[in-house]
Every structure is written in C-alpha cells, then in structure tokens.
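*Asks:* Mind having a look at this structure? Questions to follow.
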Amino acid sequence: MSSKTTLIMGMATVIAGADVVRNRFLTADGEYCGAGAKALGVTDEKALDGEACPVAIGGIVLVESGDAIVLGAGGMVAIKSDSTGRAVPATAFSVTVPGTGTAVTSNAAQPDLTEAGGVLPEIVNGYALDAASGAGELVRVKLCA
C-alpha cells in the first residue's frame, strides 16, 4: 500500500456554516460545495457548525471521492464537486453541429446546436492524480483557482 503525499500551498480559515468533515470541497460560506459549483478549497479538519475550519486553497490535497474516477491521458482528469463536496469527474464539454448537407443561403440562417457537459473554469475545482473505484476513497487533487 503506497501512501499519498500532499503539498498544501495555501490555507484559509472559514467559519463552518454546518458540521463538516475533512477532505471535502468547501465554499467561502463554510458549507459543502454544491454539485458543479466552484469551491474555495478543501477542508483540512472536521468542524462543527460555527467553528473555525482550516481550508487548503492551493496545492495538492486529499479529497474524498463521490464516484468512480478514471484517469485520462496524461494521468489526470478534471474534477468537480458533487452535492456533498466530494470529488467526481467533470464531463467534457462538447457541441454537436448539424450535418453539412444543408447549404446556407442567407446571413440570417443559424443551425441548431446541442451542448453537453461543462468542463469550464468556473466549475472545475482541480485535477485528480489518482483513480478511485467508487465513493469514499481519498484521491490526490491538484487544486486550481
């Protein structure tokens, strides 16, 4: 069993807005980050509602997984928060363009586009450096601002 090392590059303190446990994404309001929302950082200790809670805001930290995490090319995958502040893979952004068989004959013509996913800077909280087979595992996450 190999140990997972961390490298915390910055800390902040917030007042917990609810009881929180260690290794979860947290907002500046001291509550777990919502699904797909931007986090301030990751809880470094557990805290009760109203208590001061240290939060890692930069570096490589341990975050509890909320689902399976499969690493992509380069050994990393974009991570976002689930509704309880746990790490889950972000969905790659894609756009579907209609077939090319229709000629555009005016500047007012606009094809219907279909969007899916959402790996955008406002929801990506970091990049997982470890895979997880399911929920409840600790994975190293390189935090991003």
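*Asks:* Could you check segment 15-44 and list, in sequence order, the residues that are over 21 Å from LYS142 (Cβ atoms) and either over 19 Å from the mean Cα position of the chain (by Cα) or not in a loop (DSSP other than H, G, I, E, B) (or both)?
*Replies:* ILE15, ALA16, GLY17, ALA18, ASP19, VAL20
*Asks:* Still on this structure, I have one more. Consider GLY66 carefully, then state whether it is surrounded by 14 or more Cβ atoms within 10 Å (Cβ to Cβ) and over 16 Å from LEU138 (Cβ atoms). Outline the logic, then answer.
*Replies:* Values: surrounded by 14 or more Cβ atoms within 10 Å (Cβ to Cβ): yes; over 16 Å from LEU138 (Cβ atoms): no.
It is false that GLY66 is surrounded by 14 or more Cβ atoms within 10 Å (Cβ to Cβ) and over 16 Å from LEU138 (Cβ atoms).
*Asks:* Right, next: So which residues in segment 1-27 are among the hydrophobic types (A, V, I, L, M, F, W, C) and under 24 Å from ALA131 (Cβ atoms)?
*Replies:* Scanning segment 1-27 gives MET1, LEU7, ILE8, MET9, VAL21, PHE25, LEU26.
*Asks:* If you don't mind, another one. Determine the pairs where a residue that is touching a residue at least 60 places away in the same chain (Cβ under 8 Å) and of a type in the set (Ser, Thr, Tyr), located within segment 4-30, has a partner that is surrounded by fewer than 21 Cβ atoms within 10 Å (Cβ to Cβ) and assigned to a strand (DSSP E or B) with Cβ atoms under 9 Å apart, the partner being 6 or more residues away or on another chain.
*Replies:* THR5/ILE60; THR5/ARG140; THR6/GLY59; THR6/ILE60; THR6/LEU62; THR6/ARG140
*Asks:* Go through the residues of segment 48-55 one by one and say whether even a single one is more than 12 Å from MET11 (Cα to Cα), surrounded by 18 or more Cβ atoms within 10 Å (Cβ to Cβ), of a type outside the set (Val, Ile, Thr) and in contact with a strand residue (DSSP E or B) (Cβ under 8 Å, 6 or more places away or on another chain).
*Replies:* no
Readers should treat all values here as calculations from the given coordinates under stated rules, not as data from a laboratory. Since we're looking at a predicted model, the values are computed, not measured. We place every Cβ from the backbone using ideal geometry, glycine too, and count neighbours over all the protein chains shown.
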